[in-house]
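The structure appears right after this line, and notes come after that.
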Amino acid sequence: MVEVEDYIWVRNQFKGVSLPDLRLVDRLEEIACRIMAKPHSSIPKQNNEWRDIKGAYRFYDSKKVRFCKLIQPHVSQTKKKVAKMKQILAIQDTCFISYSKHASVEGLSEMGGEKGGKGIILHTTLAVDPNQKNPEVIGLLDQHIHRRTSKVDKNETYLEKQERWRESKIWEETSQRISLNSKTQVIEIMDREGDVFDIINNCISIKHDFVIRAKNDRLLDEASDEKLFPFVQNLKSYGTIKLRIRKRPNQIPREAILDIAFSKIKIKGPKSRKEEMIQCNVVYVIEKHPPKGQEPLEWVLLTSVDVNSFEDACQIIEWYKCRWIIEEYHKALKSGCKVEERQLKTAERLENFLGIANIVALRLLKLRDVARNTPHILAREVIDPLKVDILIKYRGLKKNNITMYEYYREVAKIGGFIGRKSDGEPGWQTLWNGEMELTQIYIGAKLALNKKTYG
């Protein structure tokens, strides 16, 4: 079952979906609500009745349903929202969704890498508002499934590589699709996969700003043979900032002290086009004194935005830090919606499931944004007072009124958040786990009181 406000939200995300049969539209809304109520559950567990289970499988198998049709209404809504804004971050990244454990699935792409295997290659652009105290996810600006049709010849020459279509073109084509034709400043945020000369040039040609982490040690202007990485390592530091580093494989969580440097540069084009130049700015971020046994944090950030002061450099860093939001989104798809565990036999059925799950994953992230960006509002002004009362009693709180900040911290504690000083703020996973448990109690109370729910 799902709450009325979630039901309305889901209907709005798919409003105007281009499906040829109204029954498919109704079924889409029902499936989306059930996925949102139990995003991590199997399809049979999401649908209690046999007719609904059968209806869900038929929907995913329908030739009238396509991934691109399912996401289009939401993408259009996102573009309308950002067209009214002065500035947005457009964060691009590719997610590899593996189905290596389901070898019988037909129509998947080769994933490559050391382990090989097959799966779905999903390229996403998230629109993020950077002007909140905590950056807020607006929605999907673009989402594209890339299908690999052939393997690359490992022995191809440089010229052969330049002449064929390359997967780096996905980033360029995405940038062109998200062009808004409005006064909105679009700042594209990309990790090292975006450090391709043509991708950077494309951003400039369509008047998008960019912040891209450098991967290639490029030659700088024609006056010398100096390369980018030695150049930035010799720049003088203009100051330091502190950055909390999250725990990752082979990396301990810590508060790192980072030196910041910046400069204007000109970077040369690739081998066959060395006469081409791009003028931009570089911001260098380095942890000079990491803990023993730890690799220092080091970022070389290329940007089209003017950097004339330490404060300007810090702004570029703040924007680049938002890139982790898209990693959280992919985590919400894989861990929250369990997309890699679906057993739907064909790539087309999996893609149709993904067309719904990717919207639900956004809802998981937005839950965290609400918790962070409306901390002082009384919870009863936003959330059903019955649900607030249940939380207060369930958690044994000694107050009758709590703020949104207090509400969501208590919800996260139900989901496993400990709340120590060193823990920071809760993430979407503990928030969602707590919300699911609280919602089950809340729905039971509403049913006992004969109040309307959907499910």
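Structure data summary
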{"quantity": "Label-point separation, Gln176 to Arg148 (7 Å along Cα→Cβ), nm", "calculated": "2.4 nm"}
{"quantity": "Under 11 Å from the Glu437 label point (7 Å along Cα→beta-carbon), backbone N, segment 370-411", "calculated": "395, 411"}
{"quantity": "Folded to 0 to 90 degrees: helix 310-321 orientation relative to the chain principal axis, Cα", "calculated": "50 degrees"}
{"quantity": "Ile138 long-range amide H proximity, modeled H, under 5 Å", "calculated": "Ala127, Val128, Asp129"}
{"quantity": "Cα centroid separation, segment 233-288 to segment 351-426 (Å)", "calculated": "36 Å"}
{"quantity": "Between helix 385-395 and the chain: long-axis angle, C-alpha atoms, 0 to 90°, nearest 10", "calculated": "80 degrees"}
{"quantity": "Label point 7 Å beyond Cα of Gln343 along Cβ direction - residues of segment 40-68 with amide nitrogen under 13 Å", "calculated": "42-45"}
{"quantity": "Where the Cα pairs of segment 9-78 fall when distances are cut into 5 Å bins, in %", "calculated": "3, 17, 27, 25, 19, 7, 1, 0"}
{"quantity": "Listed pairs Lys236/Lys292; Lys86/Lys271; Lys247/Lys338; Lys118/Lys268 exceeding 28 Å between Cα atoms", "calculated": "Lys86/Lys271; Lys118/Lys268"}
{"quantity": "Peptides 407-417, 273-283 ordered by average Cβ neighbours within 10 Å, highest first", "calculated": "407-417, 273-283"}
{"quantity": "CD proxy at 222 nm, helix term only [per DSSP H run n ≥ 4: -39500 (n - 2.57); per residue of the chain; nearest 500]", "calculated": "-12000 deg cm²/dmol"}
{"quantity": "Cα centre as origin, Lys/Arg/Asp/Glu Cβ charges: the chain dipole, Debye", "calculated": "1380 debye"}
{"quantity": "Per residue convex hull volume, Cα atoms of segment 374-448, in Å³", "calculated": "91 Å³"}
{"quantity": "Nearest-ten-degree value, helix 4-13 long axis tilted from longest Cα axis of the chain", "calculated": "40 degrees"}
{"quantity": "Shape of the chain, Cα gyration tensor, a/c cut at 1.5", "calculated": "oblate"}
{"quantity": "Cβ-based net charge around Glu193, under 10 Å, with every Lys or Arg adding one and every Asp or Glu removing one", "calculated": "-1"}
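Only the coordinates and a few stated rules stand behind these numbers; no lab work does. None of these values were measured; they are calculated from a predicted model. Cβ: placed from backbone, ideal geometry, glycine included. Neighbour counts: every protein chain shown.
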